[in-house]
1. Among the listed pairs Lys253/Lys350; Lys2/Lys56; Lys199/Lys253; Lys199/Lys268, which are separated by more than 24 Å between their Cα atoms?
2. With θ set to phi - 60°, apply the Karplus curve 6.51 cos²θ - 1.76 cosθ + 1.60 along the range 196-211 and write out the HN-Hα couplings as whole Hz, x wherever there is a Gly or Pro.
3. Compute the FRET efficiency between Glu210 and Arg307 as 1/(1 + (r/R0)^6), taking r as their Cβ-Cβ distance and R0 = 30 Å, and round to the nearest 0.05.
4. Can you compute the modelled spin-label distance between Tyr293 and Val64, with each label point 7 Å from Cα toward Cβ, in nm?
5. So, with +1 on the Cβ of K and R and -1 on the Cβ of D and E, and no other charges, what is the size of the charge dipole of the range 182-332 about its Cα centre, to the nearest 20 debye?
6. Under the rule of at least 5 residues apart or a separate chain, name every residue whose amide H is placed under 5 Å from the amide H of Leu172.
7. Do any trypsin sites (Lys or Arg not before Pro) in the range 1-71 lie in a loop, going by DSSP, with at most 16 other beta-carbon atoms within 10 Å of their beta carbon, and if so which?
8. When the Karplus curve 6.51 cos²θ - 1.76 cosθ + 1.60 is applied with θ = phi - 60°, which whole-Hz ³J(HN,Hα) does each residue of the range 262-268 get, with x for Gly and Pro?
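The numbers here are math on the coordinates, done by the rules we state, and not lab data. Since the model is a prediction, treat every value here as computed from it, not as a measurement. Here the Cβ is made from the backbone with ideal geometry for all residues, glycine too, and neighbour counts use every protein chain on show.
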Amino acid sequence: MKFSQILKKERTIRGWSQAMLAQELGTTPNTISAWERDVSMPSPYFRTKLCALLGKNAAELNLVEEDLEPATLNQWKTEPSPIASEDITYPKQNISPENSAILPSSREVQEVENTVTYPSFPRRKWFTGKRALFALVCCLLALSITVGLVLYVIPGLHAEKNPYGGQGVLVLNNSLQGPHKQTNWQEGWNENHASCQFKNGAYYSSQPLEGYFHACLAQATNFTDFTFEVEMVLLQGDYGGLIFRAVNSVDSKYYHFRVYQDGTYMLKRYVSRADDDALLLQKGTAQSFARGYKQKNRLAVVVDSTRIHIYINGQAILTVNDSAYDHGQIGVFADNDTHTPAEAVFSHAKVWSQDA
């Protein structure tokens with residue numbers, strides 16, 4: 001009986017599958033199948049393991065080399081040995097002739113050495129404290145980026161840009177429909193019955209006396225380099241306008257821009273309460289001004305260091321240099337020379353500031 005038949009018989013008697021026998025020998029089911037189909041023969045290494053496992057010698061299993069056909073023997077000698085699943089160490093000295101027959105061939109040794117599984121060692125882990133610290137730093141970094149986006153980047157993307165080409169960010173957007181803590185616009189009447197008051201959803205400046213103007217200041221403001229814009233409707237009187245960089249409103253030290261109902265304008269620097277003492281910086285006629293009473297006009301001043309630019313309805317009308325006053329409050333006013341009383345209504349005040 002051939003080895004292939006003996007092997008199959010012995011395996012069947014024991015109730016083993018090819019996979020179970022392969023596991024016992026440390027090889028693959030495909031190798032067992034090849035042996036039982038007489039396609040290949042086991043190497044000396046697996047012959048020894050088979051004899052030990054089945055409790056039979058080589059002759060009983062028909063594994064004696066001289067009984068093999070030359071072709072089968074040659075096939076067995078050239079058969080690649082399956083890779084063992086165990087870690088195997090072979091002695092390299094003191095090999096005697098009697099035990100050399102059970103040692104694997106040099107080819108098998110090479111194949112096994114190429115697949116030796118070396119004992120694995122656990123990777124060195126970080127100390128728990130370092131990992132926790134690293135995680136904390138990452139969380140803080142992510143939080144700071146998120147806060148920066150929420151507080152600065154995203155609002156900046158949606159903030160209204162300065163339409164006059166000036167620098168700075170929008171720091172004041174006041175409809176002037178009522179009192180506002182951020183600006184604290186003046187309210188009430190003085191001894192001449194001139195007034196600053198919120199009514200009908202807007203801010204009114206009125207002056208009943210001829211030859212006077214009445215300033216209404218945002219008392220909580222103090223800007224250096226900025227853009228100030230407001231909408232004005234002249235209801236009565238001769239002119240209305242803007243006050244800015246009011247360093248001392250009590251002594252009337254500020255810049256004063258007035259525009260008459262016919263579009264003529266003046267920019268003055270006041271040094272006292274007397275108009276005759278004021279220094280005229282520039283005058284002219286604004287073609288962009290909507291003339292007459294009850295016409296809405298958008299007035300704006302852009303102050304950058306010593307340069308002052310005035311706009312009406314988005315059109316630049318004048319530019320001057322003056323360094324007398326470098327900061328102060330903003331305000332509005334109504335005035336009359338000969339047409340009494342004077343009254344102007346203001347709304348939608350905005351400031352873009354460069355101040356740190």
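1. Check vs 24 Å cut-off fails for Lys199/Lys253; Lys199/Lys268.
2. For the range 196-211, the Karplus-derived couplings read 10, 7, 8, 7, 6, x, 7, 10, 10, 10, 9, 9, x, 8, 6, x Hz, x marking Gly and Pro.
3. Computed FRET efficiency for Glu210 and Arg307: 0.30.
4. Using points 7 Å along Cα→Cβ, the separation is 13.9 nm.
5. With Lys and Arg at +1 and Asp and Glu at -1, about 360 debye.
6. Distant-sequence amide H within range of Leu172: Val351.
7. Lys2, Arg14, Arg37, Lys56
8. 9, x, 6, 9, 9, 10, 10
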